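Okay, structure first, notes after.
The values are calculated or read from the model by the stated rules, or taken from the named source; none is laboratory data. Since the structure is predicted, the reported quantities are computational estimates derived from the model, not experimental observations. No Cβ is skipped: glycine too gets one built from the backbone with ideal geometry, and neighbour counts run over all protein chains shown. Protein only, heavy atoms only, side chains kept; ligands, DNA and RNA dropped before computing areas. Shrake-Rupley method; radii C 1.70, N 1.55, O 1.52, S 1.80 Å.
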Amino acid sequence: MSRPIVIKNASLYGDTTASLLIEDGVITAVGDVETPDDAVVVEADGLVALPGLVDLHTHLREPGREDAETIETGSRAAARGGWTAVHAMANTNPVADTAGVVEQVYSRGQEIGLCDVFPVGAVTVGLKGEHLSEMGAMASSKARVRLFSDDGVCVYDPVIMRRALEYVKTFDGAVVQHAQDLRLTEGAQMHEGEVSAELGLAGWPAVAEESIVARDALLAEHVGSRVHVQHLSTAGSVEIVRWAKDRAIQVTAEATPHHLLLTDESARTYDPLFKVNPPLRTQADVDALRQAVADGTIDIIATDHAPHASEDKDCEWASASFGMLGLETALGVIQKVLVDTGACTWRDVARLMSEAPARIGQVDDRHGRPLAEGEPANITLVDPNAAWTVEADQLASRARNTPYGGIELPGRAVATFLRGVPTHVDPTLEGAFA
Amino acid sequence: MTGTIMGAADVSRALTRIAHEIVERNDGAADVVLMGIPSRGLPLAHRLAQRIAEIEPGFDAEAATGALDITMYRDDLFKNPTRTIGTTTVPAVGIDDAVVVLVDDVFHTGRTIRAALDAIRDLGRPRAVQLATLVDRGHRELPIRADFVGKNIPTARSERVDVRVEEIDGEDAVVLRKGE
Amino acid sequence: MRHLLSTKDLTKSDAILILDTAAQMAATQEREVRKLPTLRGKTVVNLFFEDSTRTRISFEAAAKRLSADVINFSAKGSSVSKGESLKDTALTLQAMGADAVVVRHWASGAAYQLAHGGWLHGSVLNAGDGTHQHPTQSLLDAFTIRKHLVTSPLGADLNGLTVAIVGDVLHSRVARSNVHLLHTLGAKVVLVAPATLVPVGIDPWPCDVVHTLDEAIESYDIDALMMLRVQRERMTGGGSAFFPSPAEYTRIYGLDGDRLRRLPDHAIVMHPGPMNRGLEISAEAADSPRSVIVEQVANGVAVRMAALYLLLAGEEAAQ
Ligand SMILES: [Zn+2]
């Protein structure tokens, strides 16, 4: 039996001050709780308590690229960032397109125990876009896969996309789409606009994303299925999703912290740390995305945490891999761009980064639960006044490709609890657990 | 001793004397060409040429005067702020087999003249090279001497000699300043 | 000047200083002894990740005429097959004591990365990076234009002149460099290209854009006409081609004798080379007395001498 934990005087959802009693992995009392004699007491004055964060879009690179990240290092990064669950994308080597691979990933996550790792299955065999993978087997496996994505590549063939949307209805799953017209983005390096014109980097037009988002919304409507659009990056995509939701199409959408903060101007440094898929867009797109998050058009924040080995980033822009780290910086970036600007409250953050992603991922029986008596103790404590400067060398991730090096973020997760077990404790709180 | 060492009249007298010396030394001015080292050596070269033409009516002052920019031959290029490269103009009569009189305002360490000799060598093959300078302030660092000197001015290394010429500075004067 | 990476970084006075210095360098190249001792003891590395014999030779001649030691370094690798990394190469050059690195690279931004990566102490001179910039090419173009079309060139800008640049602007580092430089020097720039070869996002560029060569000739008093090299593969890429056929390109954008005669009498014809005769330029136009294409090559050496001089002289004082 582990010691009970009392989180004293936290601000629940940033709204009401209350204490939480955690016993045996469950929240057993909320409010003015009695402190048991042997309890660990976490003084949480000034800290915001949120349900443990759930990332719907994480690349853990294991199996295949353990030099960039492993399930263990990625789980540690997740815990430090305040996440209690992550959804691991299928573009590993071997690809997560069989029950065997997804079970292995799921089990490894449980073994490590720093966060729940929910594998996302591939839509097509080998992510090749040609044949549907055995989604049913993955769904009924121990990993209980409900989301399917070829992320990294788009499910481009409209017939395959239609079949996938229809097929996942069998087990009430959803297709998670990386919206990218492959023909329009051959060789593309960055957002196509004024900056790409000047820098001489091949352009990635907004329409390459928007046309697929529109097509998939219409397909989802036609077959009556659920589609989740990953990393929305353009104002046009926002308009299309808004339109689709007005028509009651079952579409959900995510935005990443980097698309809410950074713009294509970053490419002027030619530093591949800013090379990402989809590319960083213009300030007008950033503004539209923020607005869409605030008004609910965009359902969730997801990191698209994409670790890369240094040789894949320490090179020419055109040779570099797409992607950037995100797990450890997401909360700080979201506070900076949404909370501190008044666009969202911490209550909204709980919805955007925990409740809604848990629901879309169909893990809402365990994650994204209310901070209430009888619920699993998956809790993130945020210190909104603990400003910190991001240093790539200090991150838990094995990779170093953060675009935020040297940037100050206003706050961070100071403690993370997975079913009552502290998976991350900031040095400022370590005393309580001594 | 600091302050104005030479006034306009002194400068004029010195140039006239140098012009006579050049003609005398070279048994006339038939083979003489003058090459002024920019910036202030150049107007001085033109003035010397005028004076020589007054002494030797056959001397074509215009055709026998040129400019010799020595920037690209300096040995201290990398230690100083980047210098703008000036124009080099070979006298119209050419310098091969001529007596080239280099004209500079201040003769100091000798490094400028060393660079000028290198520059001349790339332009042609004169019969002889001579040096005329308005001021010789000493402190030679190379075994080079002047043939014609307007005025010898003993100086301390830390002092500065400023030559001012009408064409560039609006007045003729030589001023000695304390070093900073 | 620490590096020469993009013409966008140059002020008008920087540009004129380079052109004036190039004029002095050009004057020295008419002498019997063309070699100057200026950069004795300095090491210039020609680092070429992309084959370009003419550009390399031009830089090599420029460095050698200034008495610098020249090391030619050809690095393998392309966007498809990754070779030695830029970083490792830079560290090698640093170990060799390179005072200046002349870099030609297939990747846009490679020169910028080399200059700002913290791997190298020397100056970086961009000799063409991907489809981004080729500053010495545009400087030699400006030098050539000034020499032919400005009455007393020394110290002058290109105010009042109109330069038309014809061809594949989208993939052209020459066009990108020239638009900024010629504008900075006061010239009017007109780009002539099919819309498929004009970058999206061109609006802020300080130039006009028209879509046929005839329209350009009719609507502007062109003083200098610059023909860009056309990559044949851009037209024969099947479904990805930017243009239906070479024949159609020649019909609409090619400079032939007829179009040449419709230009003002004083107008000059330029080409960065190598030319596709019969495609973007006819033999008649290329070989006409108004063509300054061969002279551009000679001016290239003078401009590169000027750039090397201005980057390397004074470098210790600047540190
Ligand atoms: Zn993706």
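Starting from region B:87-112, keep only residues that are on the phi > 0 side of the Ramachandran plot, then list their pairs with residues that are open to solvent by less than 30 Å² (accessible area, probe 1.4 Å) and modelled with pLDDT under 95 whose Cβ atoms are within a distance under 9 Å, requiring at least 6 positions of separation or different chains.
B:GLY94/B:GLY124; B:ASP97/B:GLY124
In region B:8-39, how many residues are modelled with pLDDT of 95 or more, part of a loop (DSSP other than H, G, I, E, B) and within 16 Å of B:VAL106 (Cα to Cα)?
Within region B:8-39, residues that are modelled with pLDDT of 95 or more, part of a loop (DSSP other than H, G, I, E, B) and within 16 Å of B:VAL106 (Cα to Cα) number 1.
Can you name every residue in region A:63-91 that is outside any helix (DSSP H, G or I) and closer than 26 Å to A:ALA356 by Cα? Let's see the steps before the verdict.
Our first condition is that a residue be outside any helix (DSSP H, G or I); within region A:63-91, this holds for A:63-70, A:82-91.
Hits for region A:63-91 are A:GLY82, A:TRP83, A:THR84, A:ALA85, A:VAL86, A:HIS87, A:ALA88, A:MET89, A:ALA90, A:ASN91.
From C:ALA115, C:ALA98, C:ALA107, which residue is within 14 Å of chain A (Cβ to nearest Cβ) and part of a loop (DSSP other than H, G, I, E, B)? So that I can check it myself, show each step before the final result.
Values: C:ALA115 fails: part of a loop (DSSP other than H, G, I, E, B); C:ALA98 fails: within 14 Å of chain A (Cβ to nearest Cβ).
After applying the criteria, what remains is C:ALA107.
Considering only region B:80-120, state which residues are within 17 Å of the chain's Cα centre (by Cα) and basic (Lys, Arg).
Result: B:ARG111, B:ARG114.
Tell me whether region A:135-143 contains one or more residues that are in contact with a helix residue (DSSP H, G or I) (Cβ under 9 Å, 6 or more places away or on another chain), open to solvent by 20 Å² or more (accessible area, probe 1.4 Å) and farther than 27 Å from A:ASP364 by Cα.
No; the residues of region A:135-143 include none that is in contact with a helix residue (DSSP H, G or I) (Cβ under 9 Å, 6 or more places away or on another chain), open to solvent by 20 Å² or more (accessible area, probe 1.4 Å) and farther than 27 Å from A:ASP364 by Cα.
Any chance region A:164-185 includes a residue that's away from the ligand (no atom under 16 Å from the Cβ), in a loop (DSSP other than H, G, I, E, B), closer than 30 Å to C:SER177 by Cα and within 14 Å of chain C (Cβ to nearest Cβ)?
no
Would a scan of region B:72-85 turn up a residue that is farther than 25 Å from B:ARG140 by Cα and surrounded by fewer than 21 Cβ atoms within 10 Å (Cβ to Cβ)?
Checked region B:72-85: at least one residue is farther than 25 Å from B:ARG140 by Cα and surrounded by fewer than 21 Cβ atoms within 10 Å (Cβ to Cβ).
Suppose we filter region A:191-201 for residues that are touching a residue at least 60 places away in the same chain (Cβ under 8 Å), assigned to a loop (DSSP other than H, G, I, E, B) and of a type in the set (Gly, Ala, Ser); how many remain?
Matching residues across region A:191-201 total 1.
Among (1) modelled with pLDDT under 95; (2) within 14 Å of chain A (Cβ to nearest Cβ); (3) out of contact with any Lys or Arg (no Cβ under 6 Å at 6 or more places or on another chain), which single condition is C:ALA175 missing?
Of the numbered conditions (1) modelled with pLDDT under 95; (2) within 14 Å of chain A (Cβ to nearest Cβ); (3) out of contact with any Lys or Arg (no Cβ under 6 Å at 6 or more places or on another chain), the odd one out for C:ALA175 is (1).
Just one of A:ALA214, A:ALA188, A:ALA164, A:ALA174 is at negative phi and either without any contact (Cβ under 8 Å) to a residue 12 or more places away in the chain or open to solvent by 10 Å² or more (accessible area, probe 1.4 Å) (or both); which is it?
Working: A:ALA188 fails: either without any contact (Cβ under 8 Å) to a residue 12 or more places away in the chain or open to solvent by 10 Å² or more (accessible area, probe 1.4 Å) (or both); A:ALA164 fails: either without any contact (Cβ under 8 Å) to a residue 12 or more places away in the chain or open to solvent by 10 Å² or more (accessible area, probe 1.4 Å) (or both); A:ALA174 fails: either without any contact (Cβ under 8 Å) to a residue 12 or more places away in the chain or open to solvent by 10 Å² or more (accessible area, probe 1.4 Å) (or both).
Of the residues listed, the single one that is at negative phi and either without any contact (Cβ under 8 Å) to a residue 12 or more places away in the chain or open to solvent by 10 Å² or more (accessible area, probe 1.4 Å) (or both) is A:ALA214.
I'm told C:TYR309 meets every condition in (1) within 14 Å of another protein chain (Cβ to nearest Cβ); (2) within 30 Å of B:PHE78 (Cα to Cα); (3) open to solvent by 60 Å² or more (accessible area, probe 1.4 Å) except one. Can you identify the failing condition by its number?
(3)
Would you mind telling me which numbered condition in (1) under 14 Å from A:ASN378 (Cβ atoms); (2) open to solvent by 10 Å² or more (accessible area, probe 1.4 Å); (3) of a type in the set (A, V, I, L, M) A:VAL54 fails?
Condition (2) is where A:VAL54 drops out.
Among the residues of region A:104-160, what is the count of those that are within 16 Å of the ligand (Cβ to nearest atom), of a type in the set (Gly, Ala, Ser) and closer than 18 Å to A:GLY64 by Cβ?
Result for region A:104-160: 4.
Report the residue count in region C:198-220 for those that are touching a strand residue (DSSP E or B) at 6+ places or on another chain (Cβ under 6 Å), part of a loop (DSSP other than H, G, I, E, B) and not hydrophobic (A, V, I, L, M, F, W, C).
Result for region C:198-220: 1.
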